[in-house]
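Here's the structure we're looking at; comments come further down.
The values are calculated or read from the model by the stated rules, or taken from the named source; none is laboratory data. Quick caveat: nothing in here was measured; it's all calculated off a predicted structure. When we count neighbours, we look across all protein chains shown, and the Cβ atoms used for this are built from the backbone with ideal geometry, even at glycine. Protein only, heavy atoms only, side chains kept; ligands, DNA and RNA dropped before computing areas. Shrake-Rupley method; radii C 1.70, N 1.55, O 1.52, S 1.80 Å.
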Amino acid sequence: MASSLKDAQDGDLVEVSEINVTPFIDVILVLLIIFMVAAPLSTVDVAVELPVSNAQPQPRPDKPLFLTLKSDLTLTLDDDAIARGMLQGALDQHTGSNRDQRVFLRADQAVAYGELMKVMNLLRDAGYLKIALVGLEDAKPGAAATSAAPPASAP
């Protein structure tokens with residue numbers, strides 16, 4: 001209850017039936033600060049740079065089979081250009097229909113992730129499930145990563 005000292009009659013204080021909004025404003029300001037702090041935390045902003053790997057290099061097979069996805073989205077199997085529709089036949093010819101042989105997949109850094117996944121789906125549809133992704137070794141401080149690293153195998 002609040003009181004007013006304006007019209008004091010006989011020394012009695014008169015009741016004021018108005019709402020005291022000061023605590024209400026304090027609560028609203030505290031809630032506003034909480035939402036201002038929590039709002040940026042609810043957004044997801046993840047910067048991803050995937051072309052460099054620091055995985056331990058695996059021993060290179062005697063004759064690895066490289067499938068390369070160039071920046072213009074063309075495929076090459078070893079050094080031969082191949083159409084996407086002819087991929088399974090070319091892989092069977094190179095591997096002798098051995099679908100347990102590992103295929104080393106290289107992609108240009110400018111290739112979109114979705115395009116790389118399309119090629120991996122083509123390999124899976126062809127029955128080649130052992131796919132190794134090839135990347136550059138992680139450059140040491142001050143050194144440039146200019147040479148291709150031995151392929152890092154994927155399970």
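Some observations on this one:
- Only listed residue being touching a Leu at 6+ places or on another chain (Cβ under 7 Å), within 13 Å of residue 132 (Cα to Cα) and of a type in the set (A, V, I, L, M), chosen from 105, 75, 69: 105
- Within segment 106-138, if we keep just the residues that are of a type in the set (Gly, Ala, Ser) and within 17 Å of residue 65 (Cα to Cα), the residue that is most open to solvent (accessible area, probe 1.4 Å) turns out to be 107.
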